[in-house]
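Quick note: the coordinates plus some simple rules give every number you see, no bench work behind them. Bear in mind the structure is a predicted one, so any value in this text is a computation, not a measurement. Here Cβ is always computed from backbone atoms with ideal geometry, including for glycine, and neighbour counts include all displayed protein chains.
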Amino acid sequence: MYGQSGDQNAQAITRAMLEMARGLRGQLGQRKVALFAIYGALGCVLGALLGELLFVQTGKPKKDVCLVVDASGSMSGAKLAEVKRAATNYVRRQERGSTQLAVVGFGS
């Protein structure tokens, strides 16, 4: 299984577990509890493998951010300049493509 892709590994594991289940099925006959456990384990392994593959493909979640800036008369001068600097620094720290950003200004 070394040197194979994730899909090939998942297929190889699935085939091996199905073969094991088929072999035990013939030997167990009416032992439904054992078969239930084997098929349950197979389902867990497949779910974990598929979950890992999907997790790797999705990457980081995107986020939506709305900056609301008070530009009223009480924020004039140094206060407004500080808010602008803070907003600018925040925007620069965001990863490109992972954040949608909106800026809303309000004032009197």
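Structure notes:
- V69 long-range amide H proximity, modeled H, under 5 Å: V104, G105, F106
- Between the beta carbons of S108 and K62, assuming R0 = 41 Å, the FRET efficiency works out to 0.75 to the nearest 0.05.
- Gyration tensor verdict on region 63-106 (Cα atoms; rounded if a/c is under 1.5, prolate if a/b is larger than b/c, oblate otherwise): oblate
- Residue by residue, region 77-88 carries 3J(HN,Hα) couplings of x, 5, 4, 5, 4, 5, 4, 4, 4, 4, 5, 4 Hz when phi is fed to the Karplus relation 6.51 cos²θ - 1.76 cosθ + 1.60 (θ = phi - 60°); x denotes Gly or Pro.
- Scoring 88-97, 32-41 by mean Cβ neighbours within 10 Å over their residues and listing the highest first yields 32-41, 88-97.
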